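Trainee: Here's a structure for you.
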């Protein structure tokens with residue numbers, strides 16, 4: 001499982017109330033968790049606010065619909081985070097093929113050609129945003145969100161080896177983008 | 001840059017981000033069309049299987065009693081038996097999940113009563129009556145457990 005946040009507030013009562021149809025309780029849950037959900041979706045959407053807003057809305061609506069199925073086996077925050085990531089990944093899948101897997105190895109720069117230490121945070125975000133969607137998804141889930149390749153493979157429907165290869169290529173592409181912008 | 005340094009930089013991006021605007025208004029409006037389904041109380045697998053087995057046995061009992069009634073229809077009329085207790089027919093479970101079984105039970109009871117009018121001392125009918133009472137008792141226990 002992805003690493004849980006350091007300290008999640010207790011929201012069990014609100015979760016139960018919302019599952020019974022209490023809209024105010026769900027609003028409280030929204031306020032409590034929206035920043036974490038939005039952050040993950042925003043990164044997966046390539047740091048695109050407009051898309052991240054649509055996906056976040058979709059994630060919360062789906063959470064409302066599926067709350068009755070939440071069995072409290074994990075924290076609500078983790079469940080919601082996972083659901084939101086799935087919404088973002090479904091959006092990526094719906095947007096078509098994987099350009100990374102079709103890219104030739106020759107197109108990629110050598111590892112370490114462009115050092116990242118010079119990149120500012122904003123520049124790094126912009127570079128990640130320029131990655132092809134599935135390559136970005138692998139890189140964001142592994143390098144930023146801290147998922148394991150096994151989990152990424154399950155969510156994106158690929159073998160563990162493919163996930164590792166995608167990550168290697170995504171990092172190479174990122175270095176290339178950063179090198180060009182520098 | 002080594003792997004550790006790279007991950008140190010990228011993991012720094014993993015932090016909550018506030019949306020540029022409040023999304024709740026749009027979400028709230030969408031919830032009107034997206035009804036949240038309140039779950040029914042969950043029964044254990046054993047209880048569900050038991051319920052189905054009981055319902056199936058009532059259906060079988062009903063069919064058997066019906067065919068027996070047809071078989072005995074032309075026999076000379078005997079005195080009606082009072083062994084089918086009125087209590088059997090009055091049972092109405094409050095749990096809707098058992099209501100279907102109760103309907104089957106009523107039908108079986110009626111068929112059995114007609115059959116016993118034809119053959120009040122039939123050992124087969126007596127056994128059926130005993131099984132029906134036993135099954136009703138089990139159903140009532142289930143109803144009691146379901147609260």
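Trainee: Using 7 Å Cα-to-Cβ label points, what is the residue A:68/residue A:51 separation (nm, one decimal)?
Mentor: 3.3 nm
Trainee: Please give the FRET efficiency for residue A:93 paired with residue B:144, using the beta carbon to beta carbon distance and R0 = 45 Å, rounded to the nearest 0.05.
Mentor: On the way: r = 50 Å, r/R0 = 1.11.
Efficiency at R0 = 45 Å is approximately 0.35.
Trainee: Using the basic label-point model (7 angstrom from Cα toward the beta carbon), what is the residue B:124 to residue A:168 distance in nanometres?
Mentor: With each label placed 7 Å out from Cα toward Cβ, I get 7.8 nm.
Trainee: Going by C-beta contacts inside 10 Å, put A:138, A:177 in order with the fewest on the left. If you can, show how the numbers build up before the last one.
Mentor: Numbers: A:138 29, A:177 19.
Ascending number of Cβ neighbours within 10 Å: A:177, A:138.
Trainee: Still on this structure: Rounded to the nearest 0.05, what FRET efficiency do residue A:27 and residue B:59 give with R0 = 56 Å and r taken as the Cβ-Cβ distance? Could you check?
Mentor: Working: r = 49 Å, r/R0 = 0.87.
Once rounded, the FRET efficiency stands at 0.70.
Trainee: Ranking B:130, A:42, A:81 by Cβ neighbours within 10 Å, fewest first, what do you get? Each step should come with its number before you reach the end.
Mentor: Values: B:130 11, A:42 26, A:81 23.
The most exposed by this proxy come first: B:130, A:81, A:42.
Trainee: Suppose R0 equals 45 Å. What FRET efficiency, 1/(1 + (r/R0)^6) with r the Cβ-Cβ distance, do residue B:12 and residue A:20 give to the nearest 0.05?
Mentor: Calculated transfer efficiency: 0.70.
Trainee: So how do A:73, A:123, B:15 line up by other beta-carbon neighbours within 10 Å, fewest first?
Mentor: Numbers: A:73 7, A:123 15, B:15 11.
So the ranking, lowest neighbour count to highest, is A:73, B:15, A:123.
Only the coordinates and a few stated rules stand behind these numbers; no lab work does. In this text the structure is predicted, and so the values were computed from the model without any measurement. Positions of Cβ are generated from backbone atoms using ideal geometry, with glycine treated the same way; all protein chains shown enter the neighbour counts.
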